[in-house]
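The values are calculated or read from the model by the stated rules, or taken from the named source; none is laboratory data. Please read these numbers as outputs of a predicted model, since none were measured by experiment. FYI the Cβ positions are ideal-geometry reconstructions off the backbone, even for glycines, and counts take in every protein chain you see.
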Amino acid sequence: MDMSEWISQVRRGLLEYCILQLISSQPRYGYELVTALGQWEVLAVNEGTLYPLLRRLLKENYLEAFWKESETGPRRKYYSLTPPGRELLASMTEEWSKVVGAIGQIQLY
């Protein structure tokens with residue numbers, strides 16, 4: 001089995017959840033998300049992966065965006081959760097807890 005392919009598939013499934021988690025605490029801009037996710041090698045993404053996902057979440061009304069001036073450079077596009085985005089995150093969190101619980105039980109089986 002090719003572990004890199006398995007890791008890639010798992011990562012793709014979790015990336016949206018992780019992005020929503022990061023944005024839930026405060027509005028964030030794209031490069032900030034890339035940097036935050038880069039703290040964990042398994043979650044690291046590039047802008048070419050992140051921005052299409054952000055555009056899709058915007059289109060599906062889970063995120064909203066606004067521009068804000070930066071003290072250190074050009075203005076930045078920030079993303080925040082909409083009420084439907086918060087509902088999605090809550091559902092994902094509930095499902096993730098179930099998956100982690102089930103895996104924990106399987107490991108003890």
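The figures follow:
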read-out	value
Pairs with Cβ under 7 Å, 6+ apart, first in the range 39-64 and at pLDDT below 95, second basic (Lys, Arg) and in a helix (DSSP H, G or I)	42/11; 43/11
Lone unmet requirement of (1) under 22 Å from residue 7 (Cβ atoms); (2) touching a Leu at 6+ places or on another chain (Cβ under 8 Å) for residue 104	(2)
Qualifying residue in the range 50-67 (condition: loosely packed, with under 14 Cβ neighbours inside 10 Å and of a type in the set (Gly, Ala, Ser))	no
